[in-house]
1. Confirm whether Glu345 is under 23 Å from the mean Cα position of the chain (by Cα) and open to solvent by 10 Å² or more (accessible area, probe 1.4 Å).
2. Is it fair to say Val200 is open to solvent by 10 Å² or more (accessible area, probe 1.4 Å), away from the ligand (no atom under 16 Å from the Cβ) and touching a residue at least 24 places away in the same chain (Cβ under 8 Å)?
3. Among Ala438, Ala428, Ala410, which is open to solvent by less than 40 Å² (accessible area, probe 1.4 Å), of a type outside the set (Lys, Arg) and out of contact with any Phe, Trp or Tyr (no Cβ under 9 Å at 6 or more places or on another chain)?
4. Going through segment 140-162 one residue at a time, which ones are outside any strand (DSSP E or B) and out of contact with any helix residue (DSSP H, G or I) (no Cβ under 6 Å at 6 or more places or on another chain)?
5. Mind telling me which of the residues Ala286, Ala293, Ala383, Ala304 ends up being open to solvent by less than 10 Å² (accessible area, probe 1.4 Å), more than 30 Å from Val19 (Cβ to Cβ) and of a type outside the set (Asp, Glu)?
6. Would you check if there is a residue in segment 253-264 being touching a strand residue (DSSP E or B) at 6+ places or on another chain (Cβ under 7 Å), modelled with pLDDT of 95 or more and either buried (at least 24 other Cβ atoms within 10 Å of the Cβ) or assigned to a strand (DSSP E or B) (or both)?
7. If Glu392 passes every condition in (1) surrounded by 24 or more Cβ atoms within 10 Å (Cβ to Cβ); (2) free of Cβ contacts under 8 Å to residues at least 60 places away in the same chain; (3) away from the ligand (no atom under 14 Å from the Cβ) but one, which one does it miss?
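The values are calculated or read from the model by the stated rules, or taken from the named source; none is laboratory data. Predicted model only: the values in this text are computed from it and were never measured. FYI the Cβ positions are ideal-geometry reconstructions off the backbone, even for glycines, and counts take in every protein chain you see. With ligands, DNA and RNA removed, areas are computed over all heavy atoms of the protein, side chains included. Shrake-Rupley method; radii C 1.70, N 1.55, O 1.52, S 1.80 Å.
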Amino acid sequence: MNSEVSSSAPTRAATSSYVSTRGGARDVSFNQVLLESLAPDGGLYAPTAWPRFDVGELTRHATAPFTDIAFGVMREFVGAAFSDARLRACIDETYAGFDHPAVAPLTQLDAGLFVLELYHGPTLAFKDVAMQLIARLISEALAQSGEKLLLLTATSGDTGAAAARAFAGAPGVALGVLHPHERVSPLQRRQMTTTGADNVLNIAVDGDFDACQRLMRGLLADKELRAGRLVSSVNSINWGRLCAQAPYYFSTIAALGAGGGPVRFVVPTGNFGDAFAGWAARRMGAEGVRLLAAVNDNDALAHALNTGEYARKPAVETASVSMDVQAPSNLERLIFEASGRNGEETRALFSAFETEGRTALPDALLHALRREVDAVSIVQSQADAAMRSTYERTGFLACPHTAVALAAAARAPFLEGPTVILSTAHPAKFPDAVFAGAGVHPQTPQALTALGELTETFERAPADAETVAKRLRAFAGERLG
Ligand SMILES: *Cc1c(COP(=O)(O)O)cnc(C)c1O
């Protein structure tokens with residue numbers, strides 16, 4: 001065993017079982033969480049008990065390879081589902097495919113200001129860090145059980161690209177991708193529509209991303225779709241995604257030599273998955289982590305945390321398309337934790353939100369939430385100005401999502417200790433928006449130039465549950481039998 005991460009009680013058996021945030025499921029295994037994503041009561045899965053890591057031990061090994069940290073974290077969550085050797089092999093294989101040896105390198109921009117580069121995977125966005133790994137874990141789990149799996153994803157661009165790349169041609173898996181028609185960047189769309197794999201179906205939905213998410217949740221509950229096969233999602237409602245993102249918070253603290261001291265992470269936020277992975281890292285022992293969720297004009301999360309009113313509004317289109325979310329799915333996880341893991345309260349709040357499109361957060365809960373995370377909304381002109389000034393001052397060219405975090409960091413109250421901006425995508429995925437913001441053309445990496453010559457395959461559909469369900473039932477029938 002070569003783990004740089006040491007852990008103490010609770011035991012692996014406790015930490016690798018799961019409960020639902022709505023109180024209706026307990027003692028669920030990691031494989032079931034991975035292959036089901038949403039609990040039967042409509043809640044999200046959370047670990048029965050959080051493992052704890054000794055971060056002092058972790059940071060004494062500032063040069064620990066990312067894969068060691070990922071292994072140390074992940075083994076607590078997979079439990080008995082994978083042997084240490086199999087897990088280690090999946091992790092090593094996954095990150096050997098990244099184009100930087102550090103996987104998630106940290107670069108310094110300024111005194112006390114750092115950028116965590118999360119775009120060194122095959123589709124140039126942070127989604128690859130977890131998607132590439134869980135694709136391997138899902139394939140292993142299916143090989144063990146002999147089952148077939150229909151995977152679904154609603155995407156604002158990057159999740160669909162990462163999933164299509166990770167699951168193209170995977171045996172026993174069919175992947176259905178729902179993206180909002182003409183609301184993803186052309187390069188993002190090409191990444192998901194040019195795999196050429198017949199186990200991937202892309203549907204462009206006439207609606208926004210939240211409409212795609214609602215359709216997907218309906219599909220997950222569709223009994224006919226489930227006949228004789230498993231149906232799961234690779235959105236960040238799937239805990240497998242989130243636990244695979246916690247390691248880069250630990251590796252950053254190790255690289256900074258920050259120990260238990262404060263480190264502010266500014267996270268470009270849509271569904272609150274990446275930010276929740278940071279919350280989890282703190283819960284697991286990285287006590288210095290301070291979280292600032294930076295959202296764009298789609299400010300439902302910031303509005304909820306700042307006023308107590310959580311209300312659904314139609315999403316507006318911004319340059320940071322992958323953050324055009326007004327009903328952030330992982331807010332449910334934070335509310336579950338902040339309520340003292342009260343499944344009843346969590347269920348009541350989200351049922352109200354689902355049926356009425358709004359809900360008021362009780363005062364006690366609101367205070368608890370504010371202790372966990374800050375949130376700020378940044379308008380386009382602020383993000384553009386931050387993109388341009390950062391480029392002029394430091395030479396770092398941010399993607400439009402990262403620019404939202406840069407602008408948020410500049411407005412945040414003083415905090416002792418370093419600030420880390422999570423850089424969630426390569427600027428070349430969004431050349432027009434980057435030119436509009438900073439006045440420069442990003443250099444196009446090889447991975448993107450080749451896409452122009454490939455044929456795109458996708459279908460269009462109205463945002464109608466029955467139409468989309470029918471198409472996916474037919475697709476699943478053809479591909480999985
Ligand atoms: C998905 C995405 C985000 C938002 O991440 P969440 O986990 O949904 O909050 C931010 N930036 C980019 C580039 C993304 O692809």
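1. Judged against the criteria, Glu345 is not a match.
2. The answer is yes for Val200.
3. Ala428
4. Within segment 140-162, Glu140, Leu142, Ala143, Gln144, Ser145, Gly146, Glu147, Thr155 meet the criteria.
5. So the residue among Ala286, Ala293, Ala383, Ala304 that is open to solvent by less than 10 Å² (accessible area, probe 1.4 Å), more than 30 Å from Val19 (Cβ to Cβ) and of a type outside the set (Asp, Glu) is Ala383.
6. yes
7. For Glu392, the failing item is (1).
Conditions (1) of a type in the set (Gly, Ala, Ser); (2) more than 16 Å from the ligand (Cβ to nearest atom), marked per residue:
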site	(1), (2)
Cys212	no, no
Arg226	no, yes
Asn235	no, no
Tyr249	no, no
Gly259	yes, yes
Pro268	no, no
Arg290	no, yes
